[in-house]
Amino acid sequence: MYYVYIIKSEAEDWRYVGFTSDLRNRFEDHNNGKVASTRNHRPFKLASYIAVQEKKTALELERYFKTGSGIAWMNKRLLSSSSPA
């Protein structure tokens, strides 16, 4: 199983999209400063994740979420519940 995940910084308005086969450990790595690209934005909360069976699918989904239309889709469908109505 592979996971495409979105983490949001609790310190600032910043988020990160990634993929992993071990969501729990990867999330801990982000919060413990072991990931260079997210180190300066800690601490994080897990905003959302999607589980898929194929690594190729996870990589394609991660790439999509980093495009303009993917960001718009993610904001509307995955992160809308965290915004005030």
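Just so you know, all these numbers are worked out from the coordinates, no wet-lab data involved. Because the structure is a prediction, the values reported are computed rather than measured. All Cβ positions, even for glycine, are placed from backbone atoms using ideal geometry, and neighbour counts span all protein chains on display.
Classify region 45-84: rounded, prolate or oblate, from the alpha-carbon gyration tensor (a ≥ b ≥ c, eigenvalue square roots; a/c under 1.5 rounded; otherwise prolate if a/b is larger than b/c)? Note, shape of region 45-84 comes out oblate. Given charges of +1 on the Cβ of Lys and Arg and -1 on the Cβ of Asp and Glu, with all other atoms neutral, how large is the dipole of the chain about its Cα centre, in debye to the nearest 20? Using only the charged Cβ atoms, the result is roughly 80 debye. Please list, by residue number, everything in region 1-24 whose backbone N is under 17 Å from a paramagnetic label point 7 Å out along Cα→Cβ of Leu46. Under 17 Å, as judged by backbone N against the label point of Leu46, lie 1-10, 16-24 of region 1-24.
Per-residue packing, averaged as other Cβ atoms within 10 Å, sorts the ranges 4-15, 42-53 into the order 4-15, 42-53, beginning with the highest. Expressed as a fraction of 2.2 N^0.38 Å, the C-alpha radius of gyration for the chain is 1.06. Take the Cα of Leu78, step 7 Å toward its Cβ, do the same at Asp13, and the gap between the two points is 2.0 nm. The helix-based estimate of mean residue ellipticity at 222 nm for the chain, built from -39,500 (n - 2.57) per DSSP H run of four or more residues and divided by its residue count, is -10500 deg cm²/dmol to the nearest 500.
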